[in-house]
Amino acid sequence: MAGKTDSHTERLARILDNLGEHIRNAPGDELLETAREEGRDPAETNTRIKSILLSVFKSHQQKGLVEAKQGHQRELARISEEHFNLPKTAEGRRNWFRAVLVQAPQLEPAFTLQNRELSALSDEDIETHLKKLANLGVLNAIRLPEEE
Amino acid sequence: MKVKPTPLPARKSQPATRGEIDEAIKALTQEDTERIEQTAMNRIYRVRRAANGRSHKDLIQEAFTRILDGTRQWYKDRVSFTDFLVGVVYSIASEWAGHRKRNKELPEYALLESALSKTDEDGKTTSPFDEVQEPSPNAEEELIDAEGEAENKALVEKIEAAFEHDEKASILLMGFQDGMDGPAIRAEFGMSEKEYRTTMRRIQRGVRKMMDHGR
């Protein structure tokens, strides 16, 4: 039956492709039987395959978290290196921040949710927030008090 | 007058979320994992050298990684997770085979010269490359092709010999080599579905033994 002109590479490929189709479409219980006939334990295969998939899943999730964290750190570093003309005193910066929240009250939840009380924000937090706001261009749209 | 109810707009299907993928893995049955395992092994045998040392486990990992990174998106309302993963396994194996076909001359695909060299009774080692004067890439490719063909010829003959006393298996093996598929062979030789599947399982076992032994 086999064509004389076909290479053995093609013939072997056809045998394996038909076996592959059989595996894709065979009823599940027959696949279990095949495994047992080959001396393999389907329960062990189940545990092993799930553990391979779950470990890929976990490492992919961790990779995503690490990348997000690195991105956040890079952003913070960039903002802290950038030059902003903020008030020189902590009190002056606090007044600016207060002005932002009065004129753009919709922003308040973003800061108070994390810190509960506005008064609990440290001078450092205020400075970081102001830099972020400046970076986003928010400060340009706010009437800021003069530094005393 | 009856008012025809306006049909609700069909919801556009969405790719599965991470949570849904996680649930799908945990819900895999033994039948599912056997299908994944046996398919991945079959594809590794199929691509052979193109796998370049990678195992069926690597193939499964690579397929799943592509699902997670969004290169391949699983729509759970269209296909089961197992069937989708099996499809990705097929596509990656084809990709590996295609890469090898385009890059046969790369050292990672070529057989080591030492594996092709022969030592005669006098202890003199000759390499098949000795006869080739400054081989052009085509000549080198031809040599690699010829070597692969010889290896596959030996394998096909080994498989045929293993089933020479099994009439049904021989019919299937010859039919496949001739380009026929299962339904065509069954129709031509009056083989029942059950006979076909039982015979395929015998062939699968035999081929696996030979392929594992030959690696």
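Brief remarks follow.
- Tally, over the stretch A:137-148, of residues that are in a helix (DSSP H, G or I) and surrounded by 12 or more Cβ atoms within 10 Å (Cβ to Cβ): 1
- Complete set of residues in the stretch A:101-124 that are modelled with pLDDT of 85 or more and surrounded by 15 or more Cβ atoms within 10 Å (Cβ to Cβ): A:101
- Pairing residues of the stretch B:53-81 that are within 11 Å of chain A (Cβ to nearest Cβ) with residues that are assigned to a loop (DSSP other than H, G, I, E, B) and not acidic (Asp, Glu), at Cβ distances under 7 Å and at least 6 apart in sequence or on separate chains, gives B:66/B:72; B:67/B:74; B:81/B:74.
- In this entry, residue A:74 passes the filter for residues that are basic (Lys, Arg) and exposed (fewer than 11 other Cβ atoms within 10 Å of the Cβ).
- Qualifying residue in the stretch B:27-41 (condition: surrounded by fewer than 13 Cβ atoms within 10 Å (Cβ to Cβ) and either within 12 Å of chain A (Cβ to nearest Cβ) or out of contact with any Ser or Thr (no Cβ under 7 Å at 6 or more places or on another chain) (or both)): yes
- Output for the stretch B:17-48, where each listed residue is in a loop (DSSP other than H, G, I, E, B) and either at pLDDT below 95 or basic (Lys, Arg) (or both): B:17
- Residue that is modelled with the highest pLDDT, among those in the stretch A:71-100 that are hydrophobic (A, V, I, L, M, F, W, C) and farther than 13 Å from residue A:145 by Cα: A:90
- Residues in the stretch B:176-215 that are assigned to a helix (DSSP H, G or I), among the polar types (S, T, N, Q) and farther than 19 Å from residue A:11 by Cβ: B:198 only.
- Of the helices (runs of 4 or more DSSP H) lying entirely inside the stretch A:1-99, those containing at least 3 residues that are more than 8 Å from chain B (Cβ to nearest Cβ) and of a type in the set (Ser, Thr, Tyr) are A:42-81.
- As a summary of the residue check, residue B:178 satisfies the conditions (1) more than 7 Å from every other protein chain (Cβ to nearest Cβ); (2) over 13 Å from residue B:159 (Cα atoms) except for the one numbered (1).
The values are calculated or read from the model by the stated rules, or taken from the named source; none is laboratory data. It should be emphasised that the depicted structure is a prediction, and the values quoted were computed from it without experimental measurement. Here the Cβ is made from the backbone with ideal geometry for all residues, glycine too, and neighbour counts use every protein chain on show.
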